[in-house]
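All remarks here apply to the structure that follows.
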Amino acid sequence: MSAPEDVLVVGSGAAGLAVVESLRRKGYRGRITLLGEEAGAPYDRPPLSKQVLAGTWDAGRTLLRSREALEAMDAEFVLGERAVALDAATRTVRTVGGRRLGAEAVVLATGLRARTLPGLSAADGVRVLRTLDDATQLRGDLLSAEQVVVVGDGVLGAEIASTARQMGREVTLVGPQTAPMRTQLGEIVAARLAALHTEHGVRLRPGTLVEEVENVHGRVTGVRSSDGESLGADLVVAAVGGAPDTDWLAGSGLTLEDGIVCDSRCRAAEGVYATGDVARFHHEALGRLLRLENRTNATEQAMAVTAAILGEDRPYSPVPYFWTDQLGVKIHVYGQPTPDATVDIVEGDPEQGRFVARYLDDQGGPVAVLGWNMPKQTRPHRQHLLDRYTSAPRPEAVTSQ
């Protein structure tokens, strides 16, 4: 298989930029075009809910590469123009401005769009956090706010609550789970995270849904929960997750189901690939489709897509990984904890605020490992997960997709 003459990357975030870099690093000399909706240079998202929101970083520190480094990639950057349609058969993308861009290989890296809930956007003072502009605006709001309600108890919501509390704001964290991040951490560790937030003064409302925003003359004054409780606030942040940005791909010929469905080579159609948060790829070792929303995957999957474009034939079978920083605690997770897994402490002591936990399935096999303020000690335990996530799949697992 020969390399394509040109490559079009749609999406200017970390995943899209990593494809461009990886292609050049592997010696690709064809034409590369990077199309992005946001007008500014590519930037990193993880700092938005932490350093940028807290004001310890300015916007410039989030840039993924300097202007000189971008120029050295010898790619055409078409920024500030949203893609609105794709013809997968001809590998042609149409933009909102009427431009048509085509290439022998197209990579889709459009990421997520912030979800909103009905009734949570009807008043001034309700914000989401997805882009750098969102973070800048939300920081300005936090500087003048006194009472903050964060709706959503996943990673993003917990991080925003953490940052707002460290800025001295009164914070209430509302969500449907029994504890923050229970889905990602399991019951035992999530309970410890809940205790951490409570110790730092975050008011938790577990198992709570929000029905509407309360306002006076269009300005938010709080939210009302499904059980009728009124929670006062002069700032409400909706952190209820992100939806894969695939609406523009309707009618493209691709399979869209909680993302862009791909094979184990991240190929969605002939000459069309997907990477990053928007890609739902077949993980051969697990024998099922998987979509990962984290910064590490954005880079690793981009390298896998590059390899596929250049003719290498190997599956993308990563060990999932994410991290989060909250209220002075660093949490690193390899694999995918499940709520019903058995949790063993293999290093450290939870009572001392530093430990490594291993998650085991009902047959005693490891499914995940988590480090709480022990990142270096956690990394070696990743090796115990390799058989589960990188071994060759059973034939029946492949055909059961």
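The values are calculated or read from the model by the stated rules, or taken from the named source; none is laboratory data. This structure is a prediction, so every number in the text was calculated from the model and none was measured. So basically every Cβ, Gly included, is an ideal-geometry build from the backbone, and we count neighbours across all protein chains shown. Ligands, DNA and RNA are excluded from the accessible area calculation, which covers all protein heavy atoms including side chains. Shrake-Rupley method; radii C 1.70, N 1.55, O 1.52, S 1.80 Å.
Do any residues in the stretch 146-172 that are touching a residue at least 60 places away in the same chain (Cβ under 8 Å) and in a loop (DSSP other than H, G, I, E, B) have Cβ atoms under 7 Å from those of residues that are open to solvent by 40 Å² or more (accessible area, probe 1.4 Å) and aromatic (Phe, Trp, Tyr), where the two are at least six apart or on different chains, and which pairs are they?
Nothing qualifies.
Could you grab the pairs with beta carbons closer than 7 Å, sequence gap of 6+ or different chains, first residue in the stretch 11-23 and over 18 Å from GLY80 (Cα atoms) and surrounded by fewer than 24 Cβ atoms within 10 Å (Cβ to Cβ), second one modelled with pLDDT of 95 or more and of a type outside the set (S, T, N, Q)?
GLU21/MET73; SER22/ALA302; SER22/MET303
Can you pull out every residue in the stretch 322-342 that is outside any strand (DSSP E or B) and either open to solvent by less than 10 Å² (accessible area, probe 1.4 Å) or of a type in the set (A, V, I, L, M) (or both)?
Hits for the stretch 322-342 are LEU327, ALA341.
For the list (1) among the β-branched types (Val, Ile, Thr); (2) closer than 30 Å to VAL107 by Cβ; (3) surrounded by fewer than 22 Cβ atoms within 10 Å (Cβ to Cβ), I need the number of the one condition that ILE345 fails.
(2)
Residues of the stretch 81-138 being loosely packed, with under 14 Cβ neighbours inside 10 Å, over 24 Å from the mean Cα position of the chain (by Cα) and without any contact (Cβ under 8 Å) to a residue 24 or more places away in the chain, which ones?
THR90, VAL96, GLY97, GLY98, ARG99, ARG100
Which strands (runs of 3 or more DSSP E) sit wholly inside the stretch 178-289 and have at least 1 residues that are surrounded by fewer than 17 Cβ atoms within 10 Å (Cβ to Cβ), touching a Gly at 6+ places or on another chain (Cβ under 8 Å) and not hydrophobic (A, V, I, L, M, F, W, C)?
Ranges flagged: 210-216, 219-225, 230-232.
Residues to consider are VAL261, VAL240, VAL216; find the one that is in contact (Cβ under 8 Å) with a residue 60 or more places away in the chain and of a type in the set (Val, Ile, Thr).
Result of the check over VAL261, VAL240, VAL216: VAL240.
For LEU48, all conditions in the list (1) open to solvent by 30 Å² or more (accessible area, probe 1.4 Å); (2) among the aliphatic types (A, V, I, L, M); (3) within 24 Å of LEU327 (Cα to Cα) hold save one; what is the number of the exception?
If we test LEU48 against (1) open to solvent by 30 Å² or more (accessible area, probe 1.4 Å); (2) among the aliphatic types (A, V, I, L, M); (3) within 24 Å of LEU327 (Cα to Cα), just (1) comes out false.
Look at ALA307 and say whether it is at pLDDT 95 or above, among the aliphatic types (A, V, I, L, M) and open to solvent by less than 50 Å² (accessible area, probe 1.4 Å).
Here the answer is yes, as ALA307 does meet what is asked.
Of all residues in the stretch 145-182, count the ones that are of a type in the set (S, T, N, Q) and within 16 Å of THR221 (Cβ to Cβ).
Residues flagged as of a type in the set (S, T, N, Q) and within 16 Å of THR221 (Cβ to Cβ) within the stretch 145-182 amount to 2.
For (1) modelled with pLDDT of 95 or more; (2) not in a loop (DSSP other than H, G, I, E, B), each residue gets a yes or a no:
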site	(1), (2)
ALA3	no, no
ALA39	yes, no
ARG61	yes, yes
THR90	yes, no
THR116	no, no
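Let me spell it out: the conditions are (1) open to solvent by 60 Å² or more (accessible area, probe 1.4 Å); (2) in contact (Cβ under 8 Å) with a residue 12 or more places away in the chain; (3) closer than 30 Å to LEU48 by Cα; (4) in a helix (DSSP H, G or I), and ALA298 meets all of them except one. Which number is the exception?
(1)
Kindly check whether there is at least one residue in the stretch 84-104 that is under 23 Å from ARG45 (Cα atoms), of a type in the set (S, T, N, Q) and out of contact with any Phe, Trp or Tyr (no Cβ under 9 Å at 6 or more places or on another chain).
Within the stretch 84-104 (the criterion being under 23 Å from ARG45 (Cα atoms), of a type in the set (S, T, N, Q) and out of contact with any Phe, Trp or Tyr (no Cβ under 9 Å at 6 or more places or on another chain)), the answer is no, since none of the residues qualifies.
Tally the residues that are within 24 Å of GLY30 (Cα to Cα), in a strand (DSSP E or B) and either basic (Lys, Arg) or out of contact with any strand residue (DSSP E or B) (no Cβ under 6 Å at 6 or more places or on another chain) (or both), restricting the search to the stretch 92-114.
2
Within the stretch 330-352, which residues are within 25 Å of the chain's Cα centre (by Cα) and at positive phi?
GLY335 - this is the single residue of the stretch 330-352 that is within 25 Å of the chain's Cα centre (by Cα) and at positive phi.
LEU70 versus (1) over 19 Å from the mean Cα position of the chain (by Cα); (2) open to solvent by 40 Å² or more (accessible area, probe 1.4 Å); (3) among the hydrophobic types (A, V, I, L, M, F, W, C): which is the lone unmet condition?
(2)
Any idea how many residues of the stretch 29-40 are crowded, with 18+ Cβ neighbours inside 10 Å and under 19 Å from the mean Cα position of the chain (by Cα)?
So the count comes out to 2.
Can you tell me which of (1) assigned to a helix (DSSP H, G or I); (2) open to solvent by 40 Å² or more (accessible area, probe 1.4 Å); (3) farther than 26 Å from ARG165 by Cα is the one ASP313 doesn't meet?
(1)
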